[in-house]
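Notes to accompany the following structure.
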């Protein structure tokens, strides 16, 4: 048997072993044969729920580019504006509104 064939067989065996162990570990708690344990039921909170904000963040486009920058300062990456929903920097102006080309969110009025 040639040495290169032996090395190839060992490499294939190592990859197969690695893949087999990854597959075996991803089965979760049912891999042992024990029945799955149900999740505990959520308990009622002693504090009342907070009221919903008057205007949700994604309600619509803001009035201007400057207002969008003030409202979303973390969405300026390398001095370039990014979408506040998906983080994409592919922004185009269509019909007087800046839209994200990736997710379609209306960001601000141009």
Subject >> Euclidean distance between Cα centres, the range 72-107 to the range 1-17, Å >> reply: 51
Original post:
So how far apart, in nm, are the two label points at residue 101 and residue 17 if each is 7 Å from Cα heading toward Cβ?
Top reply: 4.9
Original post:
When only Cα pairs under 8 Å and 6 or more residues apart are kept, what is the percent relative contact order across the range 65-109?
Top reply: 27
Subject >> Estimated distance in nm for a label pair at residue 93 and residue 76, the labels positioned 7 Å out from Cα along Cα-to-Cβ >> reply: 1.8
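Starting from the Cα-Cα distance between residue 67 and residue 86, subtract it from 0.36 nm times their residue separation and give me the gain in nm to one decimal. The partial results should precede the final answer.
On the way: separation 19, 0.36 × 19 = 6.84 nm, distance 1.90 nm.
That works out to 4.9 nm of additional length.
Bear in mind these aren't lab numbers, they're just calculated from the coordinates by the rules spelled out. The shown structure was predicted, so the numbers you read here are calculated from the model rather than taken from an experiment. In this analysis, Cβ positions are derived from the backbone assuming ideal geometry, glycine residues included, and neighbour counts consider all displayed protein chains.
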